[in-house]
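Below is one structure, written out as structure tokens, with a few remarks after it.
The values are calculated or read from the model by the stated rules, or taken from the named source; none is laboratory data. All values derive from a computational prediction rather than experimental measurement. Cβ atoms come from the backbone with ideal geometry, glycine included; neighbour counts cover every protein chain shown. With ligands, DNA and RNA removed, areas are computed over all heavy atoms of the protein, side chains included. Shrake-Rupley method; radii C 1.70, N 1.55, O 1.52, S 1.80 Å.
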Amino acid sequence: MIDHIGLRVAEYAKAKKFYQAALSPLGYELIMEFGPESGIDYQGAGFGVGGKPDFWIGLGEENGPIHVAFVASNRQAVDAFHRAAIGAGGKDNGAPGVRAHYHPNYYGAFVLDPEGNNVEAVCHRST
């Protein structure tokens, strides 16, 4: 089980705005944020559901493109994620649809964030 994941971003404000919009349809919200005023050497934001941040972005040198997939509760949430992510400046990397080569109910959408990371929302249910 994964507790949380973090990635570095070169343009913190732009990345924060992107993820706030893109992850909102999946029920994610900004839960925690650290900046220079926090007294630690880290500027970052933690997003999650139910008060627990499990996805973090932090200012730093890029770590190379990564792939991260978020669980969506239904296919409509996958569609909404894709629209929101594109609207927030992401680039389409795979429109919402069934990826039967993974399994018959794999419904996902892929977007490249402003720094080239491949972000996915996926629903494993038939509806």
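Relative to the Cα centre, the charge distribution of the chain, modelled as +1 at Lys and Arg Cβ and -1 at Asp and Glu Cβ, gives a dipole magnitude of about 540 debye.
Beta bridges from DSSP with both residues in region 48-123: antiparallel share about 70 percent, rounded to the nearest 5.
Using a cutoff of 8 angstrom between alpha carbon atoms and counting only pairs six or more residues apart, the relative contact order for the chain works out to 26 percent. Every helix of 4 or more DSSP H residues in the chain counts as -39500 (n - 2.57), and over all residues that averages to -6000 deg cm²/dmol at 222 nm. When the solvent-accessible area of the chain is split by element, carbon and sulfur atoms take up 53 percent of it, the probe being 1.4 Å.
For region 77-127, trypsin sites (Lys or Arg not before Pro) are listed when DSSP marks them as loop and at most 16 other Cβ atoms sit within 10 Å of their Cβ; the list is Arg99, Arg125. By DSSP, the beta bridges lying fully in region 1-82 are antiparallel in about 70 percent of cases. Each of Gly48, Val78, Pro36 was scored by the projection of its Cα onto the charge dipole of the chain, and the greatest displacement toward the positive side belongs to Val78; charges sit on the C-beta of Lys, Arg, Asp and Glu. To test your reading of the geometry: what angle, between 0 and 90 degrees and rounded to tens, separates the Cα axis of helix 12-23 from the longest principal axis of the chain? For 12-23 against the chain, the angle is about 30 degrees. Axis of helix 75-87 versus longest Cα principal axis of the chain: the two differ by about 50°, to the nearest ten degrees. Only one residue of Ala88, Asn63, Ile5 has its Cα farthest out toward the positive end of the dipole of the chain, where Lys and Arg carry +1 and Asp and Glu -1 on Cβ, and that residue is Ala88. Annotation note: GluC sites (Glu not before Pro) in region 60-127 located in DSSP loop regions with a Cβ neighbour count of at most 16 within 10 Å are Glu61, Glu62. Once the 1.4 Å probe is applied to the protein heavy atoms, region 2-127 comes out at 53 Å² accessible per residue.
Qualifying chymotrypsin sites (Phe, Trp or Tyr not before Pro) in region 93-127, where qualification requires a DSSP coil assignment and no more than 13 other C-beta atoms within 10 Å, comprise Tyr102.
Overall shape of the chain was characterised from the C-alpha gyration tensor. The equivalent ellipsoid obtained from it has semi-axes of 26, 15, 12 Å, in decreasing order.
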